[in-house]
Each structure stands twice: as C-alpha cells, then as structure tokens.
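Undergrad: Below are the structure tokens for one structure; questions will follow.
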Amino acid sequence: MNLLVVGGGGREHAIIQKLRESPAVETIYALPGNGGIAQDAVCVPEIGAKDIGKIVDFARSHRIDFAVVAPDDPLALGCVDRLHAAGIPCFGPDAKAARIESSKVFAKNLMKKYGIPTARYEVFDDPQKALDYLRRGGVSFPAVIKADGLALGKGVLIPQTLEEAERAVRQIMEERAFGDSGREIVIEEFLTGPEVSVLAFTDGTAIAPMVSSMDHKRAGDGDTGLNTGGMGTVAPNPFYTPETAAVCMETIFLPTLAAMRAEGCPFKGCLYFGLMLTPDGPKVIEYNCRFGDPETQVVLPLLKTDLLTVMRAVEEETLGNLEVEWSGGAAACVILASGGYPEHYEKGKTITLPEALPENVTLYHAGDALREDGKLVTSGGRVLGVTASAPTLKKALKDAYAAAEAVDFDGKYLRTDIGKRALAALEG
C-alpha cells in the first residue's frame, strides 16, 4: 500500500515509524515532512500541511491507498472531507467533528449540554464584557483564559491576578496575539489535581483508549516559565489508575462520543482527552481532535497491534471487532529545543547525532531540515524528541537522558526533570 501522512513534526515521525512496521506498507509520503523524516518516508516539502487542494491532487496522482491527517489545522480546514470526496480512505475527523478542538466554545458548550464534567466557564465575544466580568469577581484567581480557536497550543493563559487577567483579555481580543482565534474567549475556573492525557482510537461508536501519559508543558524545570507545545512526556501516567479509567469511560469518554453523534458530527480518528483528576473526580480540561505532540512519541512505541490495521478499522467503523493490544513497561520522551523557545530562537544550527543508539531508543525529528550540503540543521523550536522504552519508567528516563546527551547542536535546551513527579508517585 502507498500511504500519505500530512504533517512534518515529531508526532508525524512517530506515526510514520509505527506505520512502517506494517507488512502491508510499501511507500509512505510525508507532506511536507522534515529533514529527519526523510530517512523513513518520501518527503514533499513543497506541499504544506494546509495546502488542502495540493494534498488531494497529490493523493490522486500518486494512487494513495490510505491517508493520515495528523495536525489540527488541516483537520479543521476539512482535509479529511476533501480526501473522502476524492475517494481516498483516511484517518482523522471531518471538519465538523474537528470543532471539538478548533472551537473551545463549541467544546465547552457541548460538555455543558450533555453533562460531561468540566470547569465552570463563561464565553465572551466583547472584550469590555469580559473585563467587567473579571472586575466584578466572576472568577477567582488563578483563572484560565482561552482563545476560542487554534493557536499552536499556546492560546491558553493562566493569570494569577486581576491585573494579569485584564492584560490577557486585551492581548487575545484586542491585540489579537493569536489572530482570529481570539474573536471569542472562554474564561473558566482553575482546576487542581494531577493532569492526565488519554488519547483514544474511535470510529464514532467504539473506543479504544491508548496508554495514558503525562505531558510537561512549561519551558523550565519545576514547571516554571512559559507554556510550550510540550517539553517531554512519560507513559503510563501513574496517577491514572484502573479505577479512574473506569470512571472516565463512563462519565467522559462514552458520553463525549454519544454527544458528538447526537450533534450530527460523529467523531472518527484519534480523540485526545486532556483530563484533570480533581478532588471532585476527573474533569475535562480540553479535547484535541488528533494525536497529541509529544504524547504520541511515548504512546505509539508501546502499541503492539499493527497501527495501520487499527486506523483502517476506525475508517471502516469496525473498531469494535478489533482487540487493540499494548506492551507492558514504560516510555519517556525528552524534547531537545532551540535556546529561547517558545519565544525567539535561532535556526540553522548544525545537528550532530550519535553514530548508534540503543535498541530501545528512538529519535523523533520535529524541527529540523536538510541543508543543500546534506547536513541536518535546526529549523524549529522543538527540534528532536528522544524516546526510550523500558520495563520501568526509571530505566526509560535514564536511557532517554543518556541518548539526549549524545545529541548536540548550538543552543540545545532541555528540561532536566521530565518524569520526576511520575517517579515520585510510583516510589511513594
């Protein structure tokens, strides 16, 4: 089979590496791909992930048998709709279902309507009304302020004071820091408790949750600094017990699928549940309409069942007939970032990779490119994800950090405490 994967980051590299394990796969094309992905797929850098028309034309002309649309933007723009219209089977939700991520307002209203546990919230399309709400004590601090639309994972601000909250409203709604994504905002209560990411395969009715994971969003050690797209992950998440999983299935996962069907937009693909395990029980922080990044980099290495088989079952709505199996043990991913990320950082730094890696370690290429002379150079904020799988989380972390030390580029930055909270929970 000839496959097409839309996207060009670490998540897409993890998907491509897993798809390559399938005996049915002959060629994988990555649109646009990146410098490191070029080792595992045919990259087409001239076609971007949002070039929907060109993606469909390419799929037709190259006789693509199955496509995977991985990033949020092309999903929200209807890439799956267009591929289906061209007769090409693919994995991912259509544009109507992708609203569960592309519109925070849609997602929050869905949860309120169908009784799915989430934080209390209000929606505003007028900055003055939002400011009045804050000033009259509509929410306590810290609070959460979210831009309605997609914002590269950075459209969520957590002001600690009224002054910070007022600045956040102006930044999103008046200065348009996140563009049109900030036409509407959600202001909600700040939830406390362990945070858990659960990705799930679903065909709209049946659901197969993946191994749980723990992301590390802040740029600095000790969860300090700015929010990023994610500086590292571990799986499984020790706070997500079998008992908690059962509660989530009954109160969140199945009700969400039923709600989407009831709204006329059944969800097919990978549905990401961002959860907070509060003193009042699990609640939804956010939904994503696709594989998380970098959660994918620790979850897919633990998948035993052939990924293409699972994805085709989702597309054909036969997931309920398939047992999706996972290996035991744990996985850890450490992100190597460009110095200065998530703010200003330089590109074009030469990357030196180790000549050999242990069998249990994989490098997922996220923000790099091949220079004309064939050298691999940095081209983004998050450059590489170093993932190790092992029987224990302690060993996975040790091996991931050892491999991370063996990669070098000017300005390389990483957090040194990925998995620290998870280890403390396991050992406590």
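Undergrad: Show me, for the range 9-18, the HN-Hα J-couplings you get by feeding each phi into the Karplus relation (A = 6.51, B = -1.76, C = 1.60, θ = phi - 60°), rounded to Hz, glycine and proline as x.
TA: Here the 3J(HN,Hα) series is x, x, 4, 5, 5, 5, 5, 4, 4, 6 Hz.
Undergrad: Moving on to the next point. Net charge near K304: determine it from the other residues with C-beta under 15 Å of the C-beta of K304, scoring Lys and Arg +1 and Asp and Glu -1. It would help to have the intermediate numbers written out before the result.
TA: Numbers: positive: K18; negative: E21, D306, E323, E325.
After counting each charged neighbour, the total is -3.
Undergrad: Still on this structure, please answer the following. Any idea which of L322, G339, G264 is furthest toward the positive side of the dipole for the range 261-342, if Lys and Arg beta-carbons carry +1 and Asp and Glu beta-carbons -1?
TA: Sorting the options by dipole projection puts first G339.
Undergrad: Could you tell me which of rounded, prolate or oblate describes the range 153-203, using a ≥ b ≥ c as the square roots of the eigenvalues of the alpha-carbon gyration tensor, with rounded for a/c under 1.5 and, failing that, prolate when a/b is larger than b/c and oblate otherwise?
TA: Because a/c hits 1.5 or more and a/b fails to exceed b/c, the range 153-203 counts as oblate.
Undergrad: Moving on to the next point. Given springs between every Cα pair under 10 Å in a Gaussian network model of the chain, which of E372, E286, E189 has the largest fluctuation?
TA: Between E372, E286, E189, it is E372 that shows the largest mean-square fluctuation.
Undergrad: In the calculated pair distance distribution of the range 287-388, what percentage of Cα-Cα distances lie above 23 Å? Numbers along the way, then the final one.
TA: Numbers: 2231 of 5151 pairs.
That tail contains 43 percent of the Cα-Cα pairs.
Undergrad: Something else now. Is the shape of the range 334-428 best called rounded, prolate or oblate, per the rule: a/c under 1.5 gives rounded, else a/b larger than b/c gives prolate, else oblate, with a ≥ b ≥ c the square roots of the Cα gyration tensor eigenvalues?
TA: Oblate, since a/c reaches 1.5 and b/c is not below a/b.
Undergrad: If the only charges are +1 at each Lys and Arg Cβ and -1 at each Asp and Glu Cβ, what is the size of the charge dipole of the range 198-271 around the Cα centre, to the nearest 20 debye?
TA: 180 debye
Undergrad: Turning to a different aspect of this structure: Over the heavy atoms of V156, what accessible area does a 1.4 Å probe trace out, to the nearest 10 Å²?
TA: 40 Å²
Undergrad: Okay, next question. Say we join alpha carbon atoms closer than 10 Å with springs in a Gaussian network model of the chain; which of E163, E295, E101 then has the biggest fluctuation?
TA: The residue with the greatest mean-square fluctuation here is E163.
Undergrad: Set Lys and Arg Cβ to +1 and Asp and Glu Cβ to -1, take the dipole of the chain about its Cα centre, and tell me which of L384, G87, L191 lies farthest positive.
TA: Going by the Cα projections, it comes out as L191.
Undergrad: Over the chain, what relative contact order in percent results from Cα pairs under 8 Å that are six or more residues apart?
TA: Relative contact order here is 16 percent.
Undergrad: List the pairs from K283/K304; K347/K398; K54/K268; K54/K112 whose alpha-carbon separation is above 31 Å, in the order I gave them.
TA: Violating the 31 Å Cα-Cα cut-off are K54/K112.
Undergrad: Assigning unit charges at the beta carbon (Lys, Arg +1; Asp, Glu -1) and nothing else, what dipole magnitude in debye, to the nearest 20, does the chain show about its Cα centre?
TA: Magnitude of the dipole: close to 360 debye.
Undergrad: Which percent of the accessible area of the chain is formed by carbon and sulfur heavy atoms (probe 1.4 angstrom)?
TA: So the carbon and sulfur contribution to the accessible surface is 49 percent.
Undergrad: As a quick test, which of the pairs K217/K375; K146/K394; K129/K420; K96/K375; K113/K154 have an alpha carbon distance above 32 angstrom in this structure?
TA: K146/K394; K129/K420; K96/K375
Undergrad: Here is a further query. State the extension gain, in nm to one decimal, for the chain segment bounded by R261 and E343, taking 0.36 nm per residue of separation less the distance between their alpha-carbons. Before the final figure, lay out each step's value.
TA: Numbers: separation 82, 0.36 × 82 = 29.52 nm, distance 3.97 nm.
In short, 25.5 nm is gained.
Undergrad: Also, quick follow-up: Using Cα springs under 10 Å in a Gaussian network model of the chain, which residue among A67, A400, A206 shows the largest mean-square fluctuation?
TA: A206
Undergrad: How many Å² of accessible area per residue for the range 158-287, probe 1.4 Å?
TA: 37 Å²
Undergrad: Using the Karplus curve 6.51 cos²θ - 1.76 cosθ + 1.60 with θ = phi - 60°, work out ³J(HN,Hα) for each residue of the range 213-218 in order, rounded to whole Hz, and write x for Gly and Pro.
TA: Rounded to whole hertz, the list is 8, 10, 8, 10, 7, 6.
Undergrad: Would you please classify the overall shape of the chain from the alpha carbon gyration tensor, given that a ≥ b ≥ c denote the square roots of the eigenvalues, rounded means a/c under 1.5, and beyond that prolate means a/b larger than b/c while oblate covers the rest?
TA: Values: a/c = 1.33, a/b = 1.19, b/c = 1.12.
In terms of gyration-tensor shape, rounded.
Undergrad: Could I ask something else about it? Could you tell me how far the Cα centroid of the range 225-247 sits from the Cα centroid of the range 1-37, in Å?
TA: Centre-to-centre (Cα) distance: 26 Å.
Undergrad: Can you give me the accessible area per residue for the range 1-152, using a 1.4 Å probe, in Å²?
TA: Spelled out: the 1.4 Å probe surface of the range 1-152, per residue, equals 40 Å².
The values are calculated or read from the model by the stated rules, or taken from the named source; none is laboratory data. As the structure is a prediction and not an experimental result, all values here were calculated from the model. Methodologically, a virtual Cβ is constructed for each residue, glycine included, from the backbone with ideal geometry; neighbour enumeration extends over all protein chains shown. Heads up: the accessible areas ignore ligands, DNA and RNA and are worked out on the full protein's heavy atoms, side chains in. Shrake-Rupley method; radii C 1.70, N 1.55, O 1.52, S 1.80 Å.
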